[in-house]
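**Student:** Here it is, the structure, as structure tokens.
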Amino acid sequence: MATSPLALDHIVIPKVRGNKILDVGCGYGKWGFLSKKYFWTSRNGNAREQPFVVGIDVHLPNITCLTTHRIYDHLICGDAAHLPFEDRSFDTVLALEVIEHLEEAKGYQALRELERIATKCIILSTPNKKCLRDGSDDFLGHNSHEAHLSWWKMRTFNSLGYRCYGIGVKWEPRKFWSIAEFTFLSYRFPLISETLLCVKTLE
């Protein structure tokens, strides 16, 4: 199991650049909400401006549910490997806990798509260990897209021009290592981390 997404909250939004944001694999809308609520903490944000945030998710029940919450400026049901947007449509593209849900070939295709539509940066995260699994049930029913189909390593992202950071520590016992989530240990040495946070700056 990957590190709790809460561990990413204070790290991701300050790395966002620009005010047009795409949330790929938007799920229940967590990152859309945080992008709006804490935009002032982002690289170019301020307290007087709201970003334009679009969410896309392959699981239609997620999109249907999110339409009632009005978090996003626009919502689309679509595939990360075939994003229905023109080139350079967004400043920042988020793909948090997404790529491990794709088979490897499709994951590389998705990475190309992220780079095609982003102008300033791409921010993604993925487990830093092999944790393949089937789909799972949630309050909206069974979601086969929740299956983990691939395992991505730091050297792959480095070779593609990403800078990697670490969240959490992947070794047992968890109770001991949970302290490290609140230090710079795994952040500075991502090889030991439970979750990789990978950032590619395009400008």
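**Student:** Which value in nm describes the separation of the simple spin-label points at His10 and Ile76, placed 7 Å from the Cα toward the beta carbon?
**Tutor:** 3.5 nm
**Student:** Considering just Cα atoms, how many Å³ per residue does the convex hull of the chain enclose? Present the calculation step by step, with values, prior to reporting the outcome.
**Tutor:** On the way: hull volume 23.9 nm³, N = 203.
Expressed per residue, the convex hull around the Cα atoms of the chain is 118 Å³.
**Student:** Could you pull out every residue, at least 5 positions away or on a different chain, whose amide H is within less than 5 Å of the one on Asp138? Hs are placed 1.01 Å off N in the peptide plane, and Pro or chain starts have none.
**Tutor:** Here the answer is Asn143, since their amide H atoms fall under 5 Å of that of Asp138.
**Student:** So what are the ³J(HN,Hα) numbers for the stretch 186-196, from phi and the Karplus equation (6.51, -1.76, 1.60; θ = phi - 60°), rounded to whole Hz, Gly and Pro as x?
**Tutor:** Residue by residue, the stretch 186-196 yields 6, 4, 7, 10, x, 4, 8, 7, 7, 10, 8 Hz.
**Student:** Could you go through the stretch 46-62 in sequence order and give the Karplus-derived ³J(HN,Hα) for each residue, using 6.51 cos²θ - 1.76 cosθ + 1.60 with θ = phi - 60°, rounded to whole Hz, and x for Gly and Pro?
**Tutor:** 8, 6, 9, 10, 10, x, 9, 10, 10, x, 9, 8, 7, 8, 4, x, 4
**Student:** Calculate, for Arg48 and Glu115, the FRET efficiency according to 1/(1 + (r/R0)^6) with r their C-beta to C-beta distance and R0 30 Å; round to the nearest 0.05.
**Tutor:** Efficiency at R0 = 30 Å is approximately 0.45.
**Student:** While we're on this one: Output ³J(HN,Hα) for the stretch 30-42: one whole-Hz value per residue in order, computed from phi by the Karplus curve 6.51 cos²θ - 1.76 cosθ + 1.60 with θ = phi - 60°, and x for Gly and Pro.
**Tutor:** Each residue's phi maps through the Karplus curve to give 3, 6, x, 4, 5, 4, 7, 5, 10, 4, 4, 8, 6 Hz.
**Student:** Give the cross-link partners of Lys30 among the aspartates and glutamates, using a straight C-alpha distance below 18 Å as the criterion and excluding same-chain residues fewer than 8 apart.
**Tutor:** Within the straight-line cut-off, Lys30 pairs with Asp9, Asp57, Asp73, Glu97, Asp138, Glu146.
**Student:** Amide H neighbours of Leu96 under 5 Å, at least 5 residues apart or on other chains, H built in the peptide plane: list them.
**Tutor:** Those qualifying (amide H under 5 Å, at least 5 residues apart or on another chain) are Val24, Ser125.
**Student:** Hey, rough spin-label estimate for Cys65 and Glu103, points 7 angstrom out along Cα→Cβ, what's it come to in nanometres?
**Tutor:** 2.7 nm
**Student:** For Lys37, go through the lysines and keep the ones whose alpha-carbon is under 21 Å away, minus same-chain ones fewer than eight residues off.
**Tutor:** Excluding near neighbours in sequence, the set is Lys15, Lys20, Lys120.
Read-outs: derived from the displayed coordinates by stated rules, not from any lab. In this text the structure is predicted, and so the values were computed from the model without any measurement. Heads up, the Cβs are rebuilt from the backbone with ideal geometry, glycines too, and the neighbour counts pull from every protein chain shown.
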